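Accompanying notes for the structure given below.
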Amino acid sequence: MSTIEFPQDFVWGVTTAAYQNEGGVKEGGRGESIWDRFSHIPGRILHNDNGDIACDSYHRIGEDISLLKELGVKAYRFSIAWPRILPSGWGEVSEEGLKYYEQLIDGLLEAGIEPYVTLYHWDLPQKLQDEGGWTNRRTAEYFKEYCKVVFQRFGHKVHRWITLNEPWVVAFNGYYTGVMAPGIRDFSAALGAAHVQLLAHGMAVECFRSMKLPGEIGITLNLCPKEALRNTGADQEAAVRHDGYSNRWFLDPLFTGAYPQDMWNWYEQQGVTMPHTEPGDMEYISTYIDFLGINYYNIDYTKADDSVWPLGFRTGFSGGNPMTYYQMPVTPEGLKKVLKRVNEDYHPSQIYITENGASYQDHPDRNGNIPDEARIDYLFTHIQKASEALAEGVPLAGYFVWTLLDDFEWNTGYDNQFGLVFVDRKTLTRTKKKSFDWYAKVIRSNGAELKHM
């Protein structure tokens with residue numbers, strides 16, 4: 001038994017995202033997103049899955065809120081689909097889209113659950129991608145316009161806003177490796193996409209402040225320690241570079257108003273076309289935020305490899321640790337490391353763990369039960385490390401499990417199951433896993449009943 005002290009106002013929650021859960025992609029006036037287009041290209045998604053139906057949350061608001069209420073979460077983090085609000089990305093607003101989210105928000109508030117709303121979780125309107133997507137500076141202006149519409153409608157009901165979810169993934173998996181939508185393979189384009197996203201974030205924050213709305217606004221980054229796979233100088237240098245590529249390239253602009261100089265120099269030496277910046281960009285980007293969201297899954301082990309241009313390293317190793325089904329090493333100590341490092345180096349006012357979870361293959365047994373002990377162990381050890389960071393002075397305000405339902409996991413389709421609730425792909429019936437009941441006890445006791453089961 002392990003008893004841990006959490007503040008009485010500590011926020012326990014779960015996280016989902018629109019394209020991964022909603023379905024109803026051609027209903028309610030919703031426009032096409034880049035993921036609608038990308039997921040229907042043969043071979044792009046495992047098993048050629050797509051999010052057309054996903055978990056059908058578009059039609060199951062009441063059912064899903066009932067699950068959240070039973071779980072006992074204080075907060076529900078979900079995303080608004082940009083093309084459901086502005087089908088073309090700008091211009092005409094869909095009242096049907098706004099009403100859908102209004103029903104969801106009102107239902108949450110009635111259930112005593114605070115909505116934490118992510119404004120962008122990867123589903124860019126396809127019409128904006130046709131104009132260059134995140135490599136086009138105008139997309140930042142369009143994002144500000146979209147955010148203003150949402151703020152005007154929900155700003156007095158929603159008091160916690162997240163501008164972007166994991167801009168690194170959008171930029172580098174979407175525009176460099178091409179494994180995510182829109183599927184482009186151009187490193188220079190990826191750097192440009194990262195800059196325009198950060199600019200869009202800054203514009204959204206400035207818009208929120210100018211409207212003098214109640215509440216707080218921040219951004220969510222996927223962060224983790226980058227450690228050398230071997231005890232060699234080459235791997236250690238590669239790990240520092242990996243940290244600059246994945247972590248500091250976003251943290252430094254947000255908190256210091258400048259890109260990391262070592263990475264800027266490295267990219268120029270490799271012949272990369274650097275992002276176009278204009279006077280005032282960095283001031284926008286480094287506008288004060290009320291909190292930083294951190295999505296954490298594992299330590300990233302790094303091996304030097306000169307054949308990989310322009311980075312000079314490889315990653316994706318286990319480091320000798322057990323692996324989840326998604327082939328992520330289980331490294332709870334990395335969560336404490338990243339929380340302490342971010343606090344010491346960047347001093348955010350508040351930090352939320354906005355995603356943490358594990359993928360395992362879970363199916364009902366002959367009695368209909370889903371005993372997912374591996375997930376419980378993962379969550380248990382990570383919450384322990386979060387509590388240690390909190391005790392050592394990290395301003396940690398909340399913890400959100402990824403995710404409520406087994407959902408569409410991007411380019412891996414429905415193969416990876418992160419949910420506390422199993423979703424039958426044929427019937428869409430929801431079945432609570434053992435981890436659901438375990439997390440409910442943790443929430444009810446405010447962490448006092450945190451224990452390994």
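The values are calculated or read from the model by the stated rules, or taken from the named source; none is laboratory data. Just so you know, these numbers come straight off a predicted model, no measurement behind them. FYI the Cβ positions are ideal-geometry reconstructions off the backbone, even for glycines, and counts take in every protein chain you see. Accessible surface is based on the protein model in full, side chains and every heavy atom, while ligands, DNA and RNA are left aside. Shrake-Rupley method; radii C 1.70, N 1.55, O 1.52, S 1.80 Å.
Considering only DSSP states other than H, G, I, E and B, which GluC sites (Glu not before Pro) in the stretch 1-75 qualify as loop sites with at most 15 other Cβ atoms within 10 Å?
Numbers: sites: GLU5, GLU22, GLU27, GLU32, GLU63, GLU70; in loops: GLU5, GLU22, GLU27, GLU32.
Counting only loop positions with at most 15 other Cβ atoms within 10 Å, the GluC sites (Glu not before Pro) in the stretch 1-75 are GLU5, GLU27.
Given 0.36 nm per residue, what is the gain on full extension from HIS156 to ASP290 after removing their alpha carbon distance, in nm?
Length difference between fully extended and current span is 46.5 nm.
Here the 3J(HN,Hα) profile of the stretch 7-19, calculated from phi with Karplus coefficients 6.51, -1.76 and 1.60 at θ = phi - 60°, is x, 4, 8, 4, 9, 9, x, 9, 10, 9, 9, 4, 5 Hz, Gly and Pro shown as x. Surface composition of the chain: carbon plus sulfur atoms contribute 49% of the solvent-accessible area (1.4 Å probe, protein chains only, all chains present). Under a 5 Å amide H cut-off, with hydrogens placed 1.01 Å from N, TYR414 pairs with GLU409 among residues at least 5 apart or on other chains. Charging the Cβ of each Asp and Glu at -1 and of each Lys and Arg at +1, and nothing else, the dipole of the stretch 88-215 about its Cα centre rounds to 380 debye. Note on the stretch 266-342 and the stretch 93-163: Cα centroid distance 26 Å, given to the nearest whole angstrom. Please name which of GLN103, GLY155, PHE187 has its Cα lying farthest along the dipole of the stretch 44-200 towards the positive end, using unit charges on Cβ (Lys, Arg +1; Asp, Glu -1) and the Cα centre as origin. Looking along the dipole axis, the top candidate is PHE187. Close amide H pairs (under 5 Å, H built 1.01 Å from N) link TYR76 with GLU114, TYR116, residues at least 5 positions away or on another chain. Rounded to the nearest angstrom and listed largest first, the equivalent-ellipsoid semi-axes of the stretch 110-213 from its Cα gyration tensor are 27, 15, 11. Modelled this way, with points 7 Å down the Cα-to-C-beta line, the labels at GLU373 and SER349 are 4.5 nm from one another. Here the stretch 1-140 is treated as a Stokes sphere of Kirkwood radius computed over C-alpha pairs; at 25 °C and 0.890 mPa s its diffusion coefficient rounds to 149 µm²/s.
Can you work out the FRET efficiency for the pair ARG185 and ALA448, with r the C-beta to C-beta distance and R0 = 51 Å, to the nearest 0.05? Working shown, then result.
Numbers: r = 50 Å, r/R0 = 0.97.
The value I calculate is 0.55.
Solvent-accessible surface of the stretch 1-129, averaged per residue with a 1.4 angstrom probe and all protein chains in place: 38 square angstrom. For the stretch 352-387, trypsin sites (Lys or Arg not before Pro) meeting the loop criterion (DSSP other than H, G, I, E, B) and having at most 13 other Cβ atoms within 10 Å: ARG366.
Given the pairs LYS226/LYS385; LYS212/LYS336; LYS157/LYS441; LYS26/LYS74; LYS74/LYS385, which are separated by over 23 angstrom at their Cα positions? List each step's numbers first, then the result.
Numbers: LYS226/LYS385 18 Å; LYS212/LYS336 35 Å; LYS157/LYS441 28 Å; LYS26/LYS74 32 Å; LYS74/LYS385 21 Å.
Over 23 Å Cα-Cα: LYS212/LYS336; LYS157/LYS441; LYS26/LYS74.
Distances between placed amide hydrogens fall under 5 Å for GLU166 paired with THR220, LEU221, ASN222, all partners being 5 or more residues away or on another chain.
Pull out the extension gain between GLU206 and SER318, defined as 0.36 nm times the separation in residues minus the alpha carbon to alpha carbon distance; nm, one decimal. Display every interim value, and only then the final one.
Values: separation 112, 0.36 × 112 = 40.32 nm, distance 4.12 nm.
Here the answer is 36.2 nm.
Only one residue of MET328, PRO225, SER66 has its Cα farthest out toward the positive end of the dipole of the chain, where Lys and Arg carry +1 and Asp and Glu -1 on Cβ, and that residue is SER66.
Can you list the trypsin sites (Lys or Arg not before Pro) in the stretch 261-338 that are in a DSSP coil and have 15 or fewer other beta carbons within 10 angstrom? Of the trypsin sites (Lys or Arg not before Pro), not one in the loops of the stretch 261-338 has a Cβ with at most 15 other Cβ atoms within 10 Å. Taking every alpha-carbon pair under 8 Å whose residues sit at least 6 apart, the stretch 9-138 reaches a relative contact order of 33 percent. For the chain, hydrophobic long helices are taken as DSSP H runs at least 30 Å long by C-alpha position along their axis with mean Kyte-Doolittle hydropathy of 0.0 or more; these are 187-210. Simple spin-label estimate for GLU92 and ASP106 gives 2.5 nm between the two label positions (7 Å along the Cα-to-Cβ direction from each Cα). Extent along the principal axes, Cα only, for the stretch 403-453: 37, 22, 16 Å, with the longest axis given first.
Mind giving me the FRET efficiency for THR429 and GLU131? R0 is 45 Å, r the Cβ-Cβ distance, nearest 0.05 is fine.
Computed FRET efficiency for THR429 and GLU131: 0.65.
Please give the FRET efficiency for GLU278 paired with LEU46, using the beta carbon to beta carbon distance and R0 = 25 Å, rounded to the nearest 0.05. Between GLU278 and LEU46 the formula returns 0.05. The stretch 395-453 and the stretch 204-233 have Cα centres spaced 23 Å apart.
Estimated at 0.36 nm per residue, the fully extended path between ILE61 and ASP365 surpasses their Cα-Cα distance by 106.7 nm.
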